[in-house]
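Read the structure below first, then the notes.
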């Protein structure tokens with residue numbers, strides 16, 4: 001348990017959660033770019049040349065998106081663990097402590113939906 005009795009401890013934990021949110025978004029954006037770049041190269045290839053398989057970019061991009069979703073969930077678990085160590089005096093009264101948690105969990109769900117779309121939405 002924290003012995004500081006200072007709300008700055010809580011806000012530091014929340015800033016850390018938000019930093020992991022940015023990391024999750026970056027990983028997912030990078031994965032999306034990789035996957036779509038493979039599609040772009042596939043479209044630009046001349047028809048008579050040997051077609052490059054899109055599977056490498058699909059799997060690599062999807063792996064980054066899933067990694068971003070996993071990081072979002074793990075950051076929520078870590079944040080909740082830190083919150084359990086804080087005293088009520090360290091959390092400002094009336095402050096919504098779950099806003100970052102909800103944001104990260106929605107981010108993880110969006111990552112799973114995008115990955116599902118990549119594998120099942122392609123025709």
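The values are calculated or read from the model by the stated rules, or taken from the named source; none is laboratory data. Keep in mind the model is a prediction, meaning the values are calculated, not measured. So basically every Cβ, Gly included, is an ideal-geometry build from the backbone, and we count neighbours across all protein chains shown.
Points to keep in mind about this one:
- Test: residue in the stretch 13-34 that is on the phi < 0 side of the Ramachandran plot, surrounded by 14 or more Cβ atoms within 10 Å (Cβ to Cβ) and not in a helix (DSSP H, G or I): no
- Conditions (1) under 25 Å from residue 11 (Cα atoms); (2) under 10 Å from the mean Cα position of the chain (by Cα): number failed by residue 110: (1)
- Some residue of the stretch 110-118 being loosely packed, with under 15 Cβ neighbours inside 10 Å, out of contact with any strand residue (DSSP E or B) (no Cβ under 6 Å at 6 or more places or on another chain) and assigned to a loop (DSSP other than H, G, I, E, B): no
- Selection within the stretch 90-108 - exposed (fewer than 13 other Cβ atoms within 10 Å of the Cβ) and part of a helix (DSSP H, G or I): 99, 102, 106
- Residue within the stretch 50-73 that is within 22 Å of residue 8 (Cβ to Cβ), modelled with pLDDT of 90 or more and surrounded by 15 or more Cβ atoms within 10 Å (Cβ to Cβ) present: no
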